[in-house]
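These notes are about the structure you will find just below.
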Amino acid sequence: MNSNSFAAQTGATGEGALGTVLTVLFALACGALAANLYYAQPLVALIGDDTGLSASTESMIVTVAQIGYAIGLVLLVPLGDRVENRKLILVTMAANVVSLAGLALAPWLTTLFAMMLVVGITSTAAQMLVPLAANLAPAAARGKVVGNVMSGLLGGILLARPVSSFLADYVGWRGVFGLSAGLIAALGLAGLILLPRREPHGERSYAVLIGSLGKLFVRQPVLRRRGIYHAAMFGAFSLFWTAAPVILLREPYNFTPSGVALFTLAGVLGVFAAPVAGRLADRGYTRIGTIAAIATVIAAFVAALFGGVSMAALVAAGILIDLGVQANLVFGQREIYQLDATIRNRLNAVYMTTFFLGGAIGSALSSPVLEAFGWVGICVIGIAMPAAALIYFLLSDESG
């Protein structure tokens with residue numbers, strides 16, 4: 001049975017419809033791919049101890065993955081406007097499996113960082129699946145389908161930290177990435193059977209396609225502003241979730257990886273922010289919603305100032321940070337997707353590249369700041385990042 005005949009039986013015939021089976025596959029694959037970027041966040045101390053990486057540079061493991069993701073967003077995702085989508089996605093997922101296996105077996109630090117970079121680059125297959133789902137879904141159900149797929153992606157992001165922390169107690173950090181390789185391989189095999197072909201109609205050369213990304217950032221003020229707002233927010237997010245597990249493994253908490261897993265479950269509540277933010281945006285509350293989302297993250301880091309001695313403060317901060325960041329992401333996506341329906345892949349690539357670079361900066365800062373200035377230093381920078389975004393937002397001429 002080929003992919004097109006199976007798609008027909010599941011209700012996903014060409015670009016006109018998308019069945020339940022395919023929708024679930026899209027959501028699971030997006031979640032599993034996005035999770036690859038976050039497994040390492042609570043494990044940096046374990047990886048550092050195992051590989052001899054110094055405490056001040058441990059967070060570079062997360063940074064490299066996020067830089068890789070930004071590279072993939074720029075160089076791979078726009079290919080969805082030129083290359084047959086099914087082939088592009090499956091080849092990228094296969095490369096992701098190989099890089100995850102290489103990461104799990106990496107004997108040297110150089111190999112570890114190289115494989116982590118490739119894991120980040122190839123995990124952008126998730127951002128190829130989202131627009132493909134939108135193209136396959138009927139217009140009347142497109143919002144619902146994309147929302148379901150994005151819920152899977154956000155679920156993967158939010159569950160990655162507790163899952164990796166829990167599994168590390170039993171299989172070690174290498175086992176976490178080995179299991180991820182197996183999961184992506186299984187989803188890739190399912191995609192080989194289920195994913196229908198989609199041939200794009202873009203006629204631009206690859207060089208012109210990539211070159212247009214920078215022009216979009218310059219010429220689209222809403223895209224530029226929204227990217228910068230969320231870069232600051234995602235930087236604060238990465239800063240917190242890379243540093244918090246480290247302090248939980250130390251005095252006075254002395255958590256095990258499983259204990260850290262329970263703590264990181266607090267962030268899973270952030271998934272509930274997406275549908276609420278979407279409804280608020282649909283009702284015209286984007287401006288006030290953006291202000292509330294950014295202010296929530298500022299308040300979270302104020303609460304986190306007490307996290308060195310109060311577990312309740314840390315848990316509250318984790319919940320609020322994820323709620324604020326996920327809500328702001330949805331507000332931003334809604335704004336940029338209204339700019340030009342014909343270039344949504346590239347708008348999405350520019351938006352996500354911008355804020356993932358912000359996330360890379362946040363994770364890169366976490367270890368050196370934690371070692372030099374302690375948890376208070378983390379919180380001060382965590383307050384400053386969204387505060388700068390809020391000032392920029394209030395000074396801009398954005399009315400939405």
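The values are calculated or read from the model by the stated rules, or taken from the named source; none is laboratory data. Computed from a prediction, not measured in an experiment: that's the story for all the values here. Virtual Cβ from ideal backbone geometry, glycine too; neighbours counted across all protein chains shown.
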(request) Grab the helices (runs of 4 or more DSSP H) fully contained in the range 245-355, keeping just those with 1 or more residues being farther than 25 Å from Pro162 by Cβ. (result) 273-282, 286-304, 311-337
(request) Working carefully through the options Ala360, Ala349, Ala384, Ala372, find the one that is aliphatic (A, V, I, L, M), under 20 Å from Leu320 (Cα atoms) and out of contact with any Asp or Glu (no Cβ under 6 Å at 6 or more places or on another chain). (result) Ala384
(request) Scan the range 233-258 and report the pairs whose first residue is under 12 Å from Ala364 (Cα atoms) and modelled with pLDDT of 90 or more and whose second residue is part of a loop (DSSP other than H, G, I, E, B) and among the charged types (D, E, K, R), with Cβ atoms within less than 6 Å and a gap of 6+ or a chain change. (result) none
(message) Being under 16 Å from Ala389 (Cβ atoms), touching a residue at least 24 places away in the same chain (Cβ under 8 Å) and buried (at least 20 other Cβ atoms within 10 Å of the Cβ): is that true of Gly359 here?
(response) yes
(message) Looking at the structure I just gave you, is Phe255 in contact with a Leu (Cβ under 7 Å, 6 or more places away or on another chain) and surrounded by fewer than 21 Cβ atoms within 10 Å (Cβ to Cβ)?
(response) yes
(request) Tell me which residues, restricted to the range 31-50, are assigned to a helix (DSSP H, G or I) and closer than 18 Å to Pro368 by Cα. (result) Gln41, Pro42, Leu43, Val44, Ala45, Leu46, Ile47, Gly48, Asp49
(message) Please count how many residues of the range 102-125 are touching a residue at least 60 places away in the same chain (Cβ under 8 Å) and surrounded by fewer than 18 Cβ atoms within 10 Å (Cβ to Cβ).
(response) 1
(request) Output the residues belonging to the range 355-377 that are within 21 Å of the chain's Cα centre (by Cα), closer than 19 Å to Pro42 by Cβ and aliphatic (A, V, I, L, M). (result) Ala360, Ala364, Leu365
(message) So, in the range 243-280, how many residues would count as being of a type in the set (Val, Ile, Thr) and touching an Asp or Glu at 6+ places or on another chain (Cβ under 7 Å)?
(response) 1
(message) Would you confirm, using the coordinates I've provided, whether Val222 is at pLDDT 90 or above, more than 25 Å from Val118 (Cβ to Cβ) and part of a helix (DSSP H, G or I)?
(response) yes
